[in-house]
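Chemist: First, the structure itself, so that you have it in front of you.
The values are calculated or read from the model by the stated rules, or taken from the named source; none is laboratory data. Here the structure is a predicted model, which is why all the values come from computation and not from measurement. All Cβ positions, even for glycine, are placed from backbone atoms using ideal geometry, and neighbour counts span all protein chains on display. We work out accessible area using only protein heavy atoms, side chains counted, and drop any ligands, DNA or RNA first. Shrake-Rupley method; radii C 1.70, N 1.55, O 1.52, S 1.80 Å.
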Amino acid sequence: MLVTKRIYPEAVEFLRDHADVDYADSDDGLPPAELLSRARGTQAVVCQLTDKFSAQVIEQLEGVRVLANVAGGFDNIEIPTATRKGIFVTNTPDVLTETTADFAFALLMAAARRVVEAHAFVHSGEWRRWTIDLLVGQDIHGKTLGIFGMGRIGQAVARRARGFSMRILYHDLQPVSAMVERELGLEFVPKEKLLAESDFVSIHVPLLPETMRLIGAAELRQMKPTAILVNTARGPVVDEAAVAEALRAGIIASAGLDVFEREPEVHPLLLELKNVVLAPHIASASVDTRRRMSMMAVSNAVAILEGRRPPNLVNTELWPDQAVGPVP
Ligand code: DGY
């Protein structure tokens, strides 16, 4: 078993109780050639979103049966190639839903109420007096929130928005059930209506060819000049340069961004602007959640080693039915 990067210690202990572990106990990640050589002859690899398993890398894996990603997303792994090679891919959904939604809301609120600017202002020593419009921002309560992607995280964000008496529009490939719509007070709308009517737009879609650049210059122009964009999904879902330019030109008012197209690089213009709150891909980063993600990933890996279907299998076609399916 190979662990490509540092994870929580209890997860490593759990693994050591079940298998021989080659632990790359570092935050650096393994260079591709080392990753391949250390993966050779091992059945399970516990990996992270910074490990890029392209089709070319996966083709060279020998003997690996499972790639257990310590993340809800799995766009770092070329799933069709893994599936064709019979390699199981697992992820860590659910445990991060509420934590990620908390952070999306934190970014939304920080951008709307200019929390980061206010903090910098107080720190700078410039605060001399109270004035009627000092750092005025935008209300959140009673406003319209547009959510792209009404999966688990989108729904968790909607639940928070209910507490702020917001009108909630959403867009996805399919509407959710009428029951969920009723419960959360959701309105399924076309993309154009969501963009035109929302005061806040929050993105919760996975990164797929269809969602790449979901928000580009044209979409930003359809948004209100007072609108705030929040992205905690994946960087390439928005055109980062177009967002930076829209923020600079006042096409939209503000943004809260946790993810970027070429992490850890950030578009240089974003670093100069005041009307954006930036975070280093930490939406799921609470102590409890990162621990749970580590434990979940190693449990998925161990399941495969023990001939059990992993609870969080991504390429389910490799092991279709938990109850009666044959062990592949
Ligand atoms: C995920 O899990 O996909 C996040 O982006 C990192 O926690």
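Chemist: Highest GNM mean-square fluctuation, the chain, Cα pairs closer than 10 Å: which of GLY125, GLY256, GLY163?
Modeler: For the chain, modelled as a Gaussian network with Cα springs under 10 Å, the answer is GLY125.
Chemist: Could you let me know the centre-to-centre spacing of the range 173-228 and the range 237-310, using Cα atoms, in angstrom?
Modeler: Their Cα centres are 18 Å away from one another.
Chemist: How much accessible surface does LEU61 have with a 1.4 Å probe, in Å² rounded to 10?
Modeler: 10
Chemist: Can you divide the C-alpha Rg of the chain by 2.2 N^0.38 Å and report the result to two decimal places? Intermediate results must be reported in sequence, preceding the final value.
Modeler: Numbers: Rg = 21.5 Å, N = 328, 2.2 N^0.38 = 19.9 Å.
With N residues counted in the chain, Rg over 2.2 N^0.38 Å equals 1.08.
Chemist: Name the residue from HIS267, HIS141, ALA24 whose Cα lies farthest towards the positive end of the charge dipole of the chain, charges +1 on Cβ of Lys and Arg and -1 on Cβ of Asp and Glu.
Modeler: HIS141
Chemist: About its Cα centre, how strong a charge dipole does the chain have in debye, to the nearest 20, once Lys and Arg get +1 and Asp and Glu get -1 at the Cβ?
Modeler: Charge dipole of the chain: 640 debye, to the nearest 20.
Chemist: Need the list of lysines near LYS224 for cross-linking: C-alpha distance under 23 angstrom, and skip anything on the same chain fewer than eight residues off.
Modeler: LYS143, LYS191, LYS193, LYS274
Chemist: Additional query: Quick one: P(r) of the range 1-129 from all Cα-Cα pairs, 10 Å bins, percents rounded to integers, in order of increasing distance.
Modeler: Here the calculated profile for the range 1-129 is 11, 34, 23, 14, 12, 5, 1.
Chemist: Continuing with the same structure: Can you list the lysines whose alpha carbon sits under 19 Å from that of LYS5, skipping same-chain ones fewer than 8 residues off?
Modeler: LYS52
Chemist: Averaged per residue, what accessible area in Å² does the chain show with a 1.4 Å probe, protein chains only?
Modeler: On the way: 15810 Å² over 328 residues.
Spelled out: the 1.4 Å probe surface of the chain, per residue, equals 48 Å².
Chemist: Which of the listed residues, ALA156, ALA233, ALA217, is farthest toward the dipole's positive end in the chain, when Lys, Arg count +1 and Asp, Glu count -1 at the beta-carbon?
Modeler: ALA156
Chemist: Ranked from the most accessible area to the least, with a 1.4 Å probe and all protein chains present, what is the order of ASP17, ASP258?
Modeler: Values: ASP17 125, ASP258 0 Å².
The ordering from most to least exposed comes out as ASP17, ASP258.
Chemist: Where a Cα-Cα gap under 13 Å defines reach, which aspartates and glutamates qualify for LYS85, not counting those fewer than 8 residues away within the same chain?
Modeler: By straight Cα distance, LYS85 reaches GLU59, GLU62, GLU317.
Chemist: Moving on. What does the accessible area of HIS18 come to, in Å² to the nearest 10, when a probe of 1.4 Å is used?
Modeler: 80
Chemist: Dipole of the range 97-278, Cα-centred, from +1 at each Lys and Arg C-beta and -1 at each Asp and Glu C-beta, to the nearest 20 debye? Kindly include the intermediate steps, with their values, before the conclusion.
Modeler: Working: 20 positive and 23 negative charges, 96 e Å.
It works out to roughly 460 debye.
Chemist: By accessible area of protein heavy atoms, probe 1.4 Å, what ranking do ARG38, ARG308, ARG16 get, highest first?
Modeler: Working: ARG38 70, ARG308 115, ARG16 135 Å².
The ordering from most to least exposed comes out as ARG16, ARG308, ARG38.
Chemist: Take each uninterrupted DSSP H stretch in the chain, measure its Cα extent along the helix axis, and return the ones at 20 Å or beyond whose mean Kyte-Doolittle hydropathy is at least 0.0. Please list the in-between numbers first.
Modeler: On the way: long enough: 97-112 (22 Å, 1.05); 287-305 (28 Å, 0.48).
Span-like helices in the chain: 97-112, 287-305.
Chemist: Tell me, what % of the accessible area of the chain is carbon and sulfur with a 1.4 angstrom probe?
Modeler: Summing carbon and sulfur atoms, their accessible area is 54 percent of the total for the chain.
Chemist: Rank-order 212-218, 141-147 by packing density, defined as the average count of other C-beta atoms within 10 Å over each peptide's residues, highest first.
Modeler: Working: 212-218: 16.4, 141-147: 19.7.
Peptide ranking by packing, descending: 141-147, 212-218.
Chemist: Starting with the highest mean, order 165-172, 247-254 by the number of other Cβ atoms within 10 Å, averaged over the residues of each peptide.
Modeler: Ranked by mean Cβ neighbours within 10 Å, highest first: 165-172, 247-254.
Chemist: Evaluate the Debye formula for the range 97-278 with equal point scatterers sitting on the alpha carbons, no solvent, and hand back log10 of I(q)/I(0) at q = 0.10, 0.12 Å⁻¹, in q order, two decimals.
Modeler: For the range 97-278 at q = 0.10, 0.12 Å⁻¹, log10 I(q)/I(0) is -0.37, -0.53.
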